[in-house]
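Contents: one structure, followed by commentary.
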Amino acid sequence: MKENRHVIYIIIDGFARYYFDELIKDEKSKYFLNEIIKEGVFFENIFTTLPSITNPCQNMLLSGATSKITKNVYRHYDKKNNIVIQQTRENEVDLITKYAIDKGLSVVSIAHYLTEEDLTNYDNERLYLGESFKTDDEKYYDYEARFNQLLKVINKEPISNGKDEFIIKEFPNLIVFYCDDLDGIGHNFDSIYGSVAAKSETKRLKNVVARLKLIDKKIAEVVEALKSNNLYDKTRIFITTDHGMSPYGKPSSRRGNLYEHSKISDLFKTLKEFDSSFKIEFLSPNERAKKETNLVVVGANLNVQLSFLKPFSHKQQRNLQKTLLTKDYIYAVKTTKELKRMGYWTEAADLIISPKSPYHFSKNLTRSVLAKAQHDTLDVSSNHVVGWIFGGDTKHLGGYKKSVKNYDFGVTVAKSLNIKFRKFNGKALKVFK
């Protein structure tokens, strides 16, 4: 692809594959994201990877690299300094926006908070459009407000932050777009963006799909605007996500309490039965292990990360893994060697355990959980995600069966702009003519 062509990189936070399957279940209704498959590529088997948490995974998408390289896993126990570290936006490598600017390409980011430090709120060549550019008649800075900003960029319409007005006369080389409606509604922690929190798993899923239908219409509007401005044939469009979403807790107030409370006590009991010398502590951010502790556990509701503070061989890890996988509430257990092969930053954990949805490993043992969802797990509901590439010179491959990773999109976007990441472990997808 020549450098004077363009890329739109749309990242829809929390877009699980089963959400899309639920959307297209009604064969009578036509949805853009389903119809566009025949004009490009839909990745049938695209997956995220651990830690499957927003900030680390957004870093992966924008730098084409896993936590092995970015060194961000959200939360981990630092053995050397005996403290639990809570991370935010840290990344050991640059994002694609920084590479693009250094190459002299024009960049616009719409709401992708990680790109903000690379961009400005005044320079059309490297512009960050955030909530300050929301119009007064838009109640929320949700999917609609953000897609409206994208449409204004495409249509060369004025955009204002209340103080300054911008018209982007030359279509940018790279547009990075981010919206988090599906993530916020999917968590079901509270009402958000006009969607009322659900009181059952069935209603939670309905809320998510209802919002996905609206997002689908906006994506169709964007493509129509590109075509109207003779940009569609010059623009590669990427759509993917950071992670899916796994339901946890009891699915309805009318049902029993099998999933209502954390299974962390059961897990600790199994660990102690396996090795009676384990002295276990479940630590929160900024907490330190006691002198007698030899097994530190860190978690964020679903996954738990184990750090062994006494010698614990790979053979012992494998034996523990086999024991844990006999439990009906455990979905997956990854040893240090397996984590390394997955591209995980193994200084952050020796072993990771994922519960089987809707079980959970919350630190709070007494909290009753009803129809919530999280994504820090290897459970398929969080791990199997979505990915489309279409527009420009994309091959019309339809459903693509080979297994790929969502961070492969970052590498492919870079290659589309003739950008070379200095350090990455994703792969460029060969889907262009």
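A short reminder: the numbers here are calculations on the coordinates, not readings from a lab. Note that this is a predicted model, so its numbers are computed, not measured. Backbone-built Cβ (ideal geometry, glycine too); neighbour counts: all protein chains shown.
What does the charge dipole of the range 264-373 about its Cα centre add up to, to the nearest 20 debye, if the Cβ of each Lys and Arg holds +1 and the Cβ of each Asp and Glu holds -1?
Details: 19 positive and 10 negative charges, 25 e Å.
Once rounded to the nearest 20, the dipole reads 120 debye.
What are the aspartates and glutamates whose alpha-carbon lies under 14 Å from the alpha-carbon of K415, with same-chain residues fewer than 8 places away excluded?
Within reach: E3, D393.
Mind checking the full-extension length gain between N319 and K25? Use 0.36 nm per residue of separation minus the Cα-Cα distance, one decimal, nm.
101.6 nm
Quick one: net charge of K134's neighbours, Cβ under 12 Å, K/R +1, D/E -1?
Net charge in that neighbourhood comes out at -3.
With a point put 7 Å past each Cα toward its Cβ, work out how far K290 is from K423 in nm, to one decimal.
Each label point is offset 7 Å from its Cα along the Cβ direction, giving 3.8 nm.
Given the C-alpha centroids of the range 224-241 and the range 274-345, what is the distance between them in whole angstrom?
Cα centroid of the range 224-241 versus Cα centroid of the range 274-345: 46 Å apart.
Top mean-square fluctuation among E157, E125, E201, Gaussian network model of the chain, C-alpha springs under 10 Å?
Maximum among the listed residues: E157.
List, in the order given, every pair from K80/K340; K203/K340; K98/K405; K263/K291; K322/K423 whose Cα-Cα distance in the structure shown is over 30 Å.
From K80/K340; K203/K340; K98/K405; K263/K291; K322/K423, over 30 Å: K203/K340; K322/K423.
Please name whichever of I389, L370, I264 sits farthest to the positive end of the charge dipole of the chain, dipole taken about the Cα centre and charges placed at Cβ: Lys and Arg +1, Asp and Glu -1.
With unit charges placed on the Cβ atoms, the residue in question is I264.
Would you please state the base-10 log of I(q)/I(0) at q = 0.23 1/Å for the range 264-373, with intensities from the Debye formula using one equal scatterer on every alpha carbon?
Each listed q maps to, in turn, -1.54.
Quick one: grab Rg to one decimal and Dmax as a whole number for the chain, Cα atoms only, in Å.
Taking only Cα atoms of the chain, I get Rg and Dmax of 22.2, 69 Å.
May I ask you to sort M245, M342 by Cβ crowding, counting other Cβ atoms within 10 Å and putting the fewest first?
M342, M245
Once you list every other residue whose beta carbon is under 14 Å from the beta carbon of R288, what net charge do they have if Lys and Arg are +1 and Asp and Glu are -1? Mind showing how you got there, number by number?
Details: positive: K79, K80, K290, K291; negative: D78, E281, E287, E292.
Spelling it out: positives minus negatives among the neighbours equals 0.
For every other residue with a beta carbon closer than 9 angstrom to the beta carbon of L23, add +1 if it is Lys or Arg and -1 if Asp or Glu, then tell me the sum.
Summing Lys and Arg as +1 and Asp and Glu as -1 gives -2.
Taking 0.36 nm per residue of sequence separation and subtracting the Cα-Cα distance, how much length would be gained by fully extending the chain between L397 and V196, in nm to one decimal? Please report the intermediate quantities before stating the final value.
Working: separation 201, 0.36 × 201 = 72.36 nm, distance 3.88 nm.
Residue separation times 0.36 nm, minus the Cα-Cα distance, leaves 68.5 nm.
Place the peptides 286-298, 230-242, 203-215 in order of packing, highest mean first, counting for every residue the other Cβ atoms within 10 Å and averaging per peptide.
On the way: 286-298: 17.1, 230-242: 20.9, 203-215: 18.6.
Those peptides, ordered most packed to least, come out 230-242, 203-215, 286-298.
Place a +1 charge on the Cβ of each Lys and Arg in the chain and a -1 charge on the Cβ of each Asp and Glu, then give the dipole magnitude about the Cα centre in debye, rounded to the nearest 20.
Its charge dipole is roughly 1780 debye.
Name the residue, out of N188, N155, N72, whose mean-square fluctuation peaks in a Gaussian network model built on the chain with Cα pairs under 10 Å.
Taking springs between Cα atoms under 10 Å, the residue moving most is N155.
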